[in-house]
Each structure stands twice: as structure tokens, then as C-alpha cells.
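Remarks on the structure that follows.
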Amino acid sequence: MRVPLTARGATRLREELDHLKSVKRPEIINAIAEARAHGDLKENAEYHAAREMQSFTEGRIKELEATLSNAQVIDVAKLAAGSRVVFGVTIELADEESDETVTYQIVGDLEADIRQGWISVSSPVARALIGKHEGDSVSIETPRGRKSYEIVAVRYIG
């Protein structure tokens, strides 16, 4: 199954993978060797902590490699869907009750970071917005109840 990623997201994941392989993995190998030098491994907390970190890191490396090998990298700047909301777009929404605005970019699941305004394409908010157009009103179920938003702007920013 192809996993959608923005070009920026794919770059970030490749950088993380490179860091894990070239920096983190050697650090962990050194920590394990150092802990082994302390003798009895049964009661060696440093050894067990290093092995646990190694397991976590190797799992993350496998996850990133699998994601990147199945990624469908989408260059948002090259999309031409007009005012329609599609994967990768940046959307400005205005709360129809309070007139407060929020801006989100719809990204792949592994790229999502609400603090950055990046919402997962599989999130309820993104699913409610996909296919709509600039100027449309949309009702979205949020953790604080149902909210109505107007799509103020749809931008294709890479």
C-alpha cells in the first residue's frame, strides 16, 4: 500500500533515518560495549537500558525504511487542483461562531504534528475537508463538540 507523504515530510523522515543509522546506532553499540565491560550482565542496569534503546532504535529504523520504500511523495507546489482541498494543501479556516482563524496543512500520518499545524490525512478534520472548495462551509466533529468552519483559503505551498 502506498503511503502519501509531502516532499518536506519525506525529507524529514530520511534525515531521521540517516541520524539513527549514522549517529544513534553507533552510540548505542558503544554504550552496550561499555556496559559489558562492567561485568555481570544479569544485574547491569546500564546494559539493559542500552539493549532496550537498541531495540527501540532498530524498530524505528525498520518503520522508517518501510514507510519510505512505500511512500508516494507528493510535491504540493506542483498540484493544480484550484480551490479544492486535497492532500498536501494548506487550509485557512474561520470558525463561523467566533471568527477565529486556524491554519492547517493536510499531511501523511507520520508527518502529523498539531503544534506545527500539520494534520493527518486520516484525521476526522482532514477527512471532512477533503474535496471541499474555498468558500465552502463545513461542519466538523471536534473533541469540544461540533464546529462549523468556512474555508477561507486553500494554498498549495511546498
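At a glance:
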item: Residue in segment 8-40 that is farthest from the chain's Cα centre (by Cα), counting only those that are of a type in the set (Asp, Glu) and under 30 Å from residue 78 (Cα atoms); result: 18
item: Candidate set from segment 41-56 (those that are within 30 Å of the chain's Cα centre (by Cα) and polar (S, T, N, Q)); member that is farthest from residue 20 (Cα to Cα); result: 55
item: Qualifying residues in segment 80-93 (those that are of a type in the set (A, V, I, L, M) and either over 24 Å from the mean Cα position of the chain (by Cα) or under 13 Å from residue 130 (Cβ atoms) (or both)) - the one modelled with the lowest pLDDT; result: 81
item: Looking only at segment 139-158, and only at residues there that are in a loop (DSSP other than H, G, I, E, B) and within 12 Å of residue 91 (Cβ to Cβ), the one that is modelled with the lowest pLDDT; result: 157
item: Residue check for residue 146: of a type in the set (Lys, Arg) and over 23 Å from the mean Cα position of the chain (by Cα); result: yes
item: Count of segment 1-55 residues which are at positive phi and in a helix (DSSP H, G or I); result: 0
item: Matching residues, segment 122-143, being within 22 Å of residue 76 (Cβ to Cβ), of a type in the set (Gly, Ala, Ser) and over 23 Å from the mean Cα position of the chain (by Cα); result: 135
item: Which numbered condition residue 59 misses (of (1) more than 28 Å from residue 27 (Cβ to Cβ); (2) assigned to a helix (DSSP H, G or I); (3) among the small types (Gly, Ala, Ser)); result: (1)
item: Every residue from segment 107-138 that is of a type in the set (D, E, K, R), over 23 Å from residue 97 (Cα atoms) and assigned to a loop (DSSP other than H, G, I, E, B); result: 109, 111
item: Counted residues, segment 94-119 - those being more than 15 Å from the chain's Cα centre (by Cα) and charged (D, E, K, R); result: 5
item: Failed item in (1) modelled with pLDDT under 90; (2) closer than 26 Å to residue 90 by Cα, with residue 45 passing the rest; result: (2)
item: Residues located in segment 28-75, provided they are more than 25 Å from residue 109 (Cα to Cα), surrounded by 12 or more Cβ atoms within 10 Å (Cβ to Cβ) and among the acidic types (Asp, Glu); result: 34, 46
item: Selection count, segment 90-120, where residues are under 15 Å from residue 8 (Cβ atoms), of a type outside the set (Ser, Thr, Tyr) and surrounded by 18 or more Cβ atoms within 10 Å (Cβ to Cβ); result: 9
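For every residue, the table says whether it meets (1) touching a residue at least 12 places away in the same chain (Cβ under 8 Å); (2) over 30 Å from residue 149 (Cα atoms); (3) not assigned by TED's automatic domain parsing to the domain that holds residue 118.
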site	(1), (2), (3)
21	yes, yes, yes
27	no, yes, yes
44	no, yes, yes
50	yes, yes, yes
85	yes, no, no
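The values are calculated or read from the model by the stated rules, or taken from the named source; none is laboratory data. Note that the structure is predicted; figures quoted are calculated from it, not measured. Neighbour counts run over all protein chains shown; Cβ positions are idealised from the backbone, glycine included.
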